[in-house]
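Heads up: the structure comes next, in structure tokens.
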Ligand code: TRP
């Protein structure tokens, strides 16, 4: 299927060039600009550049003007025919634009979250910060899905929770600086192609392979109270649906936490199997482990999580933050203020390292070890720094909280854009699977 596609494209290009030469010879002058624009078009006619299409067309027009004029000038100077000269120059320009286009093709980055709760500072340092940096670098074409269908796999009996949190998560995204103009943010359930793909992929995965998936295995063990003795078909199969999430958008890079690696591996297996049966169609994604650290909970637990009740949310008010910090776990051997403390086992010191300046952190540790610092004062200082750190996020969030229609509008627009992308991929997939009946 792939080689066929390439041939058709090649024929298209040759066709355009032939017409160009004929027109050029017959109308010369006027034809030149027109022809050069035509020559550029096949180069521009590629997906992935959608974001930059306008910029690209501008380039194309400028280049065609440039090549036409250069061809003419050279032909007059050296007294050679304008026709062949323009063809040569146009050819060169054409390849230059191809090179530019390749540079402008940004790698598609795809990732997402289950909307089961508001996001906390663990999410911020673990993934949101990197996402904003990637977005701002301008080197990628980022997509972020709010995985409501996946959230339902273990919250099927709580649709209100999922629905509510779709908007909460969107507000968290917006408040940390994800910009819908640069990052396509969409709702998973509103992309029917993903559900369709999940069905197609389900033929390419065995039940025992899913049962062996380490992430799924751990989660099933943790969710006995939801699933009882036998896990649902939907939950066991969510890696298949996640493979559809990624491939429906031709996601090349997938930034995730370590716990998600088995899911990306499963996706790769599906892609390889698909390609070997139906022909090279899908792109194998690559997981990107963020180098940012996992944030420990206020209670000292290795993980900050909503279910663990040890998290500071991006949307927490200053009062709540202070209250939470006051309950953070400190060195248990430190009872009186002048006892010598060990900041290495104190969560307050740990957070000072994240939210306070390096000097402040050093002073905290030194004074703590010397028994010159009271825990209460130390916590108050930390709480203030966290409050200050989260201030711009909290203010931005408030802006969106007061404008629910705007949040909905942004979600709708992102979803609409995502649907177009998924529909394009789906077309290729259906063709490969010979399901393109009336095309
Ligand atoms: N499983 C991910 C999580 O729990 C969320 C998710 C759904 C996702 N679809 C995805 C992540 C596709 C990356 C790519 O966090």
- request: Could you tell me which numbered condition residue 233 fails, if it satisfies all but one of (1) more than 12 Å from the ligand (Cβ to nearest atom); (2) within 30 Å of residue 396 (Cα to Cα); (3) out of contact with any helix residue (DSSP H, G or I) (no Cβ under 8 Å at 6 or more places or on another chain)?
  value: (2)
- line: The condition of being in a helix (DSSP H, G or I), closer than 25 Å to residue 275 by Cα, modelled with pLDDT of 95 or more and away from the ligand (no atom under 13 Å from the Cβ) holds, among 199, 194, only for 199
message: I want to confirm something. Restricting to the stretch 98-124 and keeping residues that are assigned to a helix (DSSP H, G or I) and at pLDDT 90 or above, which single residue is nearest to the ligand (Cβ to nearest atom)?
response: 123
- prompt: Quick one: which of 137, 175 is away from the ligand (no atom under 12 Å from the Cβ), under 25 Å from the mean Cα position of the chain (by Cα), within 27 Å of residue 412 (Cα to Cα) and free of Cβ contacts under 8 Å to residues at least 24 places away in the same chain?
  reply: 137
task: Residue by residue through the stretch 373-398, note down the ones that are surrounded by 14 or more Cβ atoms within 10 Å (Cβ to Cβ) and farther than 17 Å from residue 361 by Cα.
output: 390, 393, 394, 396, 397
task: Go over the candidates 165, 157 one by one and state the one that is away from the ligand (no atom under 16 Å from the Cβ) and more than 25 Å from residue 289 (Cβ to Cβ).
output: 157
- request: Determine if the stretch 432-439 includes at least one residue that is under 22 Å from residue 145 (Cβ atoms) and not in a loop (DSSP other than H, G, I, E, B).
  value: no
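Given the condition buried (at least 19 other Cβ atoms within 10 Å of the Cβ), within 21 Å of residue 120 (Cβ to Cβ) and within 16 Å of the ligand (Cβ to nearest atom), answer yes or no: does some residue in the stretch 299-312 qualify?
Scanning the stretch 299-312, I find at least one residue that is buried (at least 19 other Cβ atoms within 10 Å of the Cβ), within 21 Å of residue 120 (Cβ to Cβ) and within 16 Å of the ligand (Cβ to nearest atom), so the answer is yes.
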task: Please find, within the stretch 250-290, the residue that is farthest from the ligand (Cβ to nearest atom) out of those that are over 22 Å from residue 202 (Cβ atoms) and assigned to a helix (DSSP H, G or I).
output: 258
- prompt: Is it true that residue 176 is surrounded by fewer than 23 Cβ atoms within 10 Å (Cβ to Cβ) and over 25 Å from residue 426 (Cβ atoms)?
  reply: yes
message: List pairs: first residue in the stretch 235-256 and without any contact (Cβ under 8 Å) to a residue 60 or more places away in the chain and over 14 Å from residue 143 (Cβ atoms), second residue more than 10 Å from the ligand (Cβ to nearest atom) and part of a helix (DSSP H, G or I) anywhere in the structure, Cβ distance under 6 angstrom, at least six positions apart or on different chains.
response: 236/210; 239/266; 240/198; 240/201; 240/202; 243/201; 243/270
message: Tell me the residue from 376, 348 that is in a helix (DSSP H, G or I), more than 31 Å from the chain's Cα centre (by Cα) and more than 16 Å from residue 299 (Cβ to Cβ), please.
response: 376
query: Would the stretch 213-228 turn up any residue that is at pLDDT 95 or above and either on the phi > 0 side of the Ramachandran plot or away from the ligand (no atom under 16 Å from the Cβ) (or both)?
result: no
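The values are calculated or read from the model by the stated rules, or taken from the named source; none is laboratory data. Computed from a predicted model, the values in this text were never measured in an experiment. Cβ coordinates were reconstructed from backbone atoms using ideal geometry, including for glycine residues, and neighbour counts include every protein chain displayed.
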